[in-house]
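The values are calculated or read from the model by the stated rules, or taken from the named source; none is laboratory data. No experiment lies behind these values; they were computed from the predicted model shown. Positions of Cβ are backbone-derived with ideal geometry, glycine not excepted, and every protein chain shown enters the neighbour counts. Only protein heavy atoms, including side chains, enter the accessible area calculation; ligands, DNA and RNA are left aside. Shrake-Rupley method; radii C 1.70, N 1.55, O 1.52, S 1.80 Å.
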Amino acid sequence: MILLYSEGKSVFTFALPALLIRAWTCRNFSVNNNDAKHFLSRKVKSYVSPTSTYTTETKFKNKKQSYWKSVVGLEIHAQITSTSKLFSQAGTEFGVPVNANVSFFDAAIPGTLPMLNRRCVEAGVLTALALSCRVNPVSFFDRKHYFYSDLPAGYQITQHRVPLAQEGVLEFHVFTPGSHHKPYSKKSCIKQLQLEQDSGKSLHDEEACRSLVDLNRAGIPLMELVFEPDLEDGEEAAALVKELMLILQRLGTCSCKMEEGALRVDANVSVHHEGEPLGVRTEVKNIGSVRAVGHAIQYEIHRQVKDYRYMPEPNLPPLRVLLNDQPAVPNTYRDHINVQCLRRKLPELPSETRAKLTNKYGISPESAAILVNENVLLQHFYDIMEEKKSRDPKLSTNILIMELLTILNKKKLSLEASPFPSHTLGEIVDLLQSEKINLVTARKILQEIISGNSMSPSEVVEKYEWTQITNPSEIEKVCTAVIEQNPKLVEQFCSGKTKVFNSLVGKAAKITENRANMATVVQVLTAKLRKIQNP
Amino acid sequence: MLSLSVRQISRKLQDGVIVPSDVCTACLYQAEKLKKLNIFVRLTKEVAEHQAKESDVRYTNGNVRSLLDGIPVAVKDNYCTRNIETTCSSRMLESFKPPYNATVVQKLQDAGAVLLGKCNMDEFAMGSGTVDSIHGPTKNIWQSGEKYTLLRNVGERATSVEQVQGCNSTHGSKMVYQELHHLSSHSNKEGSSSPSEEGDWFIAGGSSGGSAVAVASGAVFAALGSDTGGSTRNPAAYCGVVGLKPSYGLLSRHGLIPLVNSMDVPGILTRTVDDAATLLNILAGHDLLDSTTVQDSFIPLDLSQDIDISRIRIGIPKEYNCPGMSDEVMETWSGVADILERAGAEVVQVSMPHTPSSIACYSVLNQCEVASNMARYDGIEFGLRTAENRSTEELYASTRSQGFNETVRGRILAGNYFLLQRNYPHYFLQALKVRRLIAQDFTHAWSSGIDVLLTPTTLTDAPRYSQFISRDNREQCASQDYCTQPANMAGCPAVTLPIKLSKQGLPLSLQLMGQSYREDVLLAVAKWIETAVDFPRLQLET
């Protein structure tokens, strides 16, 4: 029977001294906080952002054009969101002091044994279900051996023979704004999803002739997702990673914070002649980051000791999950994770959300993608639509993805730090929809509020008398005034320089302090000018 | 007093005849006196005295924790003991002070037991003689030159004893048993066979030799060993004590420094079967820290009711009669089978055809797991670290070559070879298949209605040191583990108990094996045999 422990107080956490280990040393030294910070900034594996994947991979695209074909397969390590480690009760918080989150087991103290964290298995199963994987009723843990100072036991516990889940698929849209390619849909097959422990971090300081090891990451729970080599280029790889991040964040199974190492992408790239079989995997590329010294060495060791001498992990019984709700024998499986139960807990996935946005609200697929990519925007959208059903979804979307993002960008604020609650944004939508204000005024209101004005949009409009001028007779007056005050422009227009029309519209805007309904202005002004041209 | 059973001394403590501190003092004195046997790697005198004092208070206040309260025990040096060196008899862990207690050690402590010390063993439990230890070999108490008396229960109660004088005594006048005659005459110049010969002695067996001698000699009343291929039963057999290897998964391995995770079990060494049951009741049960312990709640054994032996079916597996088995062992085996049969038990011959493959299979599985388990000893997080500073790899190499003995290094090398991708299917996977066949031999026996299997524990009585070391570690283990190893393959419980003395005056023991988690049946039969054979208790002369 599999035994799982539930997360709780970390009873076995112990604090190693700040300076835990000197793997080799010439003289005594101590680690100060700066050292520690510096140390934490070192990267064990490549931390790659989708964008950088893209840049690197473009080169392969170029190659592809000259009769070579590139094939990309991704291996993604996602840190499972959990409060304690995969096999121990040590904590997992990021950024704590060096070697603060280390249990006896994590330090491979003799006699300690692994205890499987139930939460991690649930997260793995949930992710597998979201990716349409086949969850194995029984999976196994294996030891993968190699010597490295940040691997205290001399082996990593992973799932080599039978992983938690297999044969999934991830569908995603390949769409790069500004690219001449048409957006298209792509599928990448998932070979397997396995649970495994992370290793610690090493720092090799050649000058001081010393090595440091931080075991905070040792034993951190990971899901490794192995994709089939069915991508063609970096754009596809980047799009896949982005979609996966959305799914994992939606599930709550991984924070996907690359800067914390919570998501790491390795790409296997093979280049072969078109029409010929795939060559041996030629390179394991760690794209997108300059490899740290430590990593380079680790990589070399990995490369040189390719035989990992796998063997079954004897201290963990087979991991059994319950695939059907009804066990044959009642109570037999009381501790087993119920897959159907987890399936019912699956949230709406990003692809489903996008479909809902386009089908129910009539939003364009591109806008839907942007909303879904930014959870805060999506939440605003739902709030705005929920508050008043009559609101125009497209107008609301535009306010969010054009106006809101623009002003936040200008102020260098993140969406999370936005000062605009949903109801404020909704009110602006209402003002626009009822033509009380125009778009320019909407921007001014946003500007006013972001600068610290705590009034509501309507109050701002009232205070500054920003109500849109829609009265045709008033606009008539404005247009007459513009024509009278700008005889030269009018003359130029009449002589065929129609480009100056925009200047005249601008004048109208200026006179009214941008309050005029510009559509009406354009309409009236056109009529008036036509009259002057053809009296 | 020191030769009493746990039950007996516990009775005396409860009756107030004696207090734990006095028992502790006596045991410490005994241990000091027997220093040349090299039983203990370390005596934990201060811990013991402190624990004994606390127990004194509990007896005074009447809040005694268990039958073990106030009773000195010892544990093998591969159990982690908080802040007490745990060396595994290896240079690698010479200065290793674990930051925690093994679960079974903690359970002993919670039961009020007094920890007298850590016992000698073969390095990382790889051996069957307790001769491959950085602390030096452990010597058997039997025929060691120490003066002792043999006590035998006459009748039903332990109150009446016949005294038989042991080694070095000049008078054998009280001896009543023919087979004990050699005991007294031992010192009478038997020429080259004399064990007290310079530099030679009878080995304690291993790898839990220290624990076995500690119990046999009266230094403690019970001890923990560990059993992977027979490491508890082998020394128990040679030292004339009861050695129980419980079912795999019944006792927690958390804090037991592993040899072969899939076969290791904590072993129990006591003077009587009842005592083994007492310790089992204290130690057994699910442990969150060991995922391989069974979750079913453990029902404590109760051996107070005599079993009806006529309802028991005893299997004699013919394959256990193997080359190298001494006539005395054969006679002992058939003798006990006859006793059982006469008493009405059904004794049948069974076949367990894969028994002879057990050792070869074991050596592959053992070495693979050893290679893996030993990978953590790299000098980084704990244990030995040499002064090598040219590179991390050089440090690993130098630490590991200096920290491990030849046997350990040899097994690591072989194990890594077996685990290479190209060899894995031919060795490890093959060995797993053979292991399944061996386990099936047992299932077949049980399904044919066998309750327990009766076999020898070892092929002979304790060998002499000189004779033992004339063979290398691999050969030693191959013959020493022959009868004990299969139970580890199958995970089933097994117990060894002393039956009689050999011509050399050494214990001859037999083994019983039972169905997994049926320690109740196993120990009930063992107790019946124990009563029937009435093996003498050894009491050192003061």
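To the nearest 0.05, how large is the calculated FRET efficiency for B:SER447 and A:ALA208 if R₀ is 60 Å and r is the Cβ-Cβ distance? Please list the in-between numbers first.
Working: r = 67 Å, r/R0 = 1.11.
Rounded to the nearest 0.05, the efficiency is 0.35.
Note down, for segment B:34-141, the three equivalent ellipsoid semi-axes (square root of 5 times each alpha carbon gyration tensor eigenvalue), biggest first, whole angstrom.
After diagonalising the Cα gyration tensor, the semi-axes are 27, 15, 11 Å.
How big, in percent, is the set of alpha carbon pairs in chain B lying more than 42 Å apart?
14
With the cut-off at 30 Å, tell me which of the pairs A:LYS242/A:LYS411; A:LYS388/A:LYS507; A:LYS242/A:LYS412; A:LYS191/A:LYS412; A:LYS85/A:LYS411 have Cα atoms farther apart than that.
Details: A:LYS242/A:LYS411 26 Å; A:LYS388/A:LYS507 36 Å; A:LYS242/A:LYS412 23 Å; A:LYS191/A:LYS412 41 Å; A:LYS85/A:LYS411 39 Å.
The answer is A:LYS388/A:LYS507; A:LYS191/A:LYS412; A:LYS85/A:LYS411.
Nearest-5 percent of antiparallel DSSP beta bridges in chain B?
Looking only at bridges with both residues in chain B, the antiparallel portion is about 75 percent.
Need the C-alpha centroid separation for segment B:222-249 versus segment B:64-101, integer Å.
17
Across 5 Å bins from 0, what is the distribution of all Cα-Cα pair distances for segment A:460-529, in whole percents?
Computed distribution, short to long bins: 4, 18, 30, 22, 14, 7, 3, 2, 0.
Could you work out the relative contact order of segment B:456-542? I mean the mean sequence separation of Cα pairs under 8 Å and 6+ apart, divided by the number of residues, in percent. Display every interim value, and only then the final one.
Details: 94 pairs, mean separation 24.5, N = 87.
So the answer I get is 28 percent.
Figure the gain on full extension for B:ARG474 and B:THR542 (residue separation times 0.36 nm, minus the Cα-Cα span) and round it to one decimal in nm.
20.5 nm
Computed FRET efficiency, Cβ-Cβ of B:ASP338 and B:ARG42, R0 60 Å: what is it to the nearest 0.05?
Computed FRET efficiency for B:ASP338 and B:ARG42 comes out at 0.85.
What number, in nm² with one decimal, is the all-direction average of the projected area of the convex hull of the alpha-carbon atoms of segment B:323-391?
Orientation-averaged projected area of the Cα hull: 9.7 nm².
For the peptides B:20-31, A:468-479, B:220-231, B:57-68, what is the packing order when you average, over each peptide's residues, the other Cβ atoms within 10 Å and list the highest mean first?
Taking the mean over residues of other Cβ atoms within 10 Å, the ranking is B:220-231, B:20-31, A:468-479, B:57-68.
In whole Hz, what ³J(HN,Hα) sequence does segment A:108-116 give by Karplus (6.51, -1.76, 1.60; θ = phi - 60°), x for Gly and Pro?
Going residue by residue, I get 6, 4, x, x, 7, 10, x, 10, 6 Hz, with x marking Gly and Pro.
Ordered by packing density, taken as the mean number of other Cβ atoms within 10 Å over each peptide's residues, highest first, how do A:231-237, A:375-381, A:461-467 rank?
On the way: A:231-237: 23.0, A:375-381: 19.4, A:461-467: 15.4.
Taking the mean over residues of other Cβ atoms within 10 Å, the ranking is A:231-237, A:375-381, A:461-467.
What is the calculated FRET efficiency for A:PHE94 to A:GLN523, with r their C-beta to C-beta distance and R₀ = 41 Å, to the nearest 0.05?
The computed FRET efficiency comes out at 0.10.
Please work out how much accessible surface A:ILE109 shows to a 1.4 Å probe, ignoring ligands, DNA and RNA, in Å² rounded to 10.
Taking all protein chains as shown, A:ILE109 has close to 10 Å².
Given the Cα-Cα distance of A:SER456 and A:LEU405 and 0.36 nm per residue of separation, how much length would full extension add, in nm?
Here the segment from A:SER456 to A:LEU405 would lengthen by 16.4 nm.
Using per-residue counts of other Cβ atoms within 10 Å, averaged over each peptide, order B:95-107, B:269-281 from highest down.
Highest-to-lowest ranking by the protection proxy: B:269-281, B:95-107.
Other chains' Cβ within 10 Å of B:388-395 residues: what's the mean?
Counting Cβ atoms of other protein chains within 10 Å of each residue's Cβ and averaging gives 5.
Evaluate peptide A:306-313: per residue, the Cβ atoms of other protein chains within 10 Å of its Cβ; return the mean as an integer.
6
Given an 8 Å cut-off on Cα distances and at least 6 residues of separation, report the relative contact order of chain B as a percent. Walk me through the numbers on the way to the answer.
Working: 1259 pairs, mean separation 96.8, N = 542.
Relative contact order here is 18 percent.
What does the accessible area of A:LYS191 come to, in Å² to the nearest 10, when a probe of 1.4 Å is used?
So the heavy atoms of A:LYS191 present about 100 Å² to solvent.
Can you give the average number of partner chain beta-carbon atoms within 10 Å of each beta-carbon in peptide B:243-255, as a whole number? Numbers along the way, then the final one.
Details: counts 0, 0, 0, 0, 0, 0, 2, 0, 0, 1, 3, 6, 6.
Counting other chains' Cβ atoms within 10 Å and averaging over B:243-255 gives 1.
Multiply the residue gap between B:ALA532 and B:ASP200 by 0.36 nm, knock off their C-alpha separation, and tell me the result in nm, one decimal place.
116.1 nm
7 Å from Cα along Cα→Cβ at both A:LYS510 and B:GLU393: what's the point-to-point distance in nm?
Between A:LYS510 and B:GLU393, the simple spin-label model gives 7.6 nm.
Aspartates and glutamates near A:LYS528 by alpha-carbon distance under 18 Å, same-chain residues fewer than 8 away left out - which ones?
Reachable aspartates and glutamates: A:GLU474, A:GLU476, A:GLU484, A:GLU491.
Once label points are set 7 Å from the Cα along Cα→Cβ at both A:THR83 and B:VAL17, what is their separation, rounded to one decimal in nm?
The two pseudo-label positions are separated by 5.4 nm.
Looking only at segment A:427-465, which residues have a backbone nitrogen under 20 Å from a spot 7 Å from the Cα of A:ASP392 in the C-beta direction?
Residues A:427-446, A:457-458, A:461 fall inside that zone.
Evaluate segment A:330-428: find the radius of gyration of its Cα atoms, find its Kirkwood radius, and give the ratio Rg to Rh. Please list the in-between numbers first.
Working: Rg = 17.8 Å, Rh = 15.3 Å.
Using Cα coordinates only, the ratio equals 1.17.
Counting only the backbone N, which residues of segment A:133-172 are under 13 Å from the spot 7 Å out from the Cα of A:SER185 toward its beta-carbon?
The answer is A:170-172.
Along the Cα→Cβ direction, 7 angstrom out, place labels at A:ASP230 and B:LEU420. What is the inter-label distance in nm?
3.7
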